[in-house]
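The values are calculated or read from the model by the stated rules, or taken from the named source; none is laboratory data. All values reported here derive from a predicted model rather than from experimental measurement. Please note: Cβ atoms are built from the backbone with ideal geometry, for glycine as well, and neighbour counts cover all protein chains shown. Heavy atoms of the whole protein, side chains included, go into the accessibility calculation; ligands, DNA and RNA do not. Shrake-Rupley method; radii C 1.70, N 1.55, O 1.52, S 1.80 Å.
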Amino acid sequence: DRLQEAQVALNASKALWLAEGIEDYSYTFTETCECLNGDEPFEVNVANQKWVKDKKVRYPPGLELPTVPELFDKIQSSITDAVDNSNADVTIDVIYDEDYGYPTSIYIDQDPTMSDEEYIVA
């Protein structure tokens, strides 16, 4: 089923990422939502597996930008919640980088009947 396929893809991609042993990296994070920072891209700099705030950027109060392992955790949490709640209506679409395994696009919709609770990251 779709959840099992999502789990297999997550496991393979996470294993690929971990095998690379990457601790320092940068990527652009854009979350699409009706939220504080919706649609505004942020450059995420990670050193020693921790997000490092850029002193030149004015971040919205309380904003925490995810590391790649935290994105994996969000995907895992959504899969686990859907399985635990027998939620066959959940949509979890993730595209992973073929070389390093990190997610390049995440779309999670836990409830298609509810608007604006989707988690969309590109």
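Kindly evaluate Tyr59 against the criterion of being modelled with pLDDT of 90 or more, among the hydroxyl-bearing types (Ser, Thr, Tyr) and in a loop (DSSP other than H, G, I, E, B).
Spelling it out, it is not the case that Tyr59 is modelled with pLDDT of 90 or more, among the hydroxyl-bearing types (Ser, Thr, Tyr) and in a loop (DSSP other than H, G, I, E, B).
Report, by residue number, each residue of the stretch 19-41 that is surrounded by 14 or more Cβ atoms within 10 Å (Cβ to Cβ) and modelled with pLDDT of 85 or more.
Once the filter is applied, which keeps residues that are surrounded by 14 or more Cβ atoms within 10 Å (Cβ to Cβ) and modelled with pLDDT of 85 or more, the stretch 19-41 yields Ile22, Tyr25, Tyr27, Phe29.
Quick one: in the stretch 77-103, of everything that is open to solvent by 60 Å² or more (accessible area, probe 1.4 Å) and assigned to a strand (DSSP E or B), which residue is modelled with the lowest pLDDT?
Taking the candidates together, the pick is Asp93.
Would a scan of the stretch 1-18 turn up a residue that is surrounded by 11 or more Cβ atoms within 10 Å (Cβ to Cβ), out of contact with any Pro (no Cβ under 8 Å at 6 or more places or on another chain) and part of a loop (DSSP other than H, G, I, E, B)?
There is no residue in the stretch 1-18 that is surrounded by 11 or more Cβ atoms within 10 Å (Cβ to Cβ), out of contact with any Pro (no Cβ under 8 Å at 6 or more places or on another chain) and part of a loop (DSSP other than H, G, I, E, B).
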